[in-house]
């Protein structure tokens, strides 16, 4: 991850109490490349829910591992 993107994520995390997007893959320990706050949680089989922003909701349904079908999606405020 570039320094600029890392700095932006750190500043954003301090300003907003919402966790940051993990999309679209949601790999364990990988924070993802998106600095947007989580707005949706996608249910996954034997894994914690995947928190994603609106931009990564669709791709996460197709690309993330363990996503249930039909998908379980919860709006996070």
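No value in this document is a laboratory result; all are computed from the given coordinates. Because the structure is a prediction, the values reported are computed rather than measured. Positions of Cβ are generated from backbone atoms using ideal geometry, with glycine treated the same way; all protein chains shown enter the neighbour counts.
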Quiz item: Working out 0.36 nm times the residue gap between residue 62 and residue 43, then minus their Cα-Cα distance, what length gain in nm do you get to one decimal?
Solution: 5.6 nm
Quiz item: Once you put a point 7 Å from the Cα of residue 76 and another 7 Å from the Cα of residue 55, both along the Cβ direction, what distance in nm separates them?
Solution: 1.7
Quiz prompt | Efficiency of FRET between residue 28 and residue 69 - r from beta-carbon atoms, R0 30 angstrom, step 0.05 | solution = 0.90
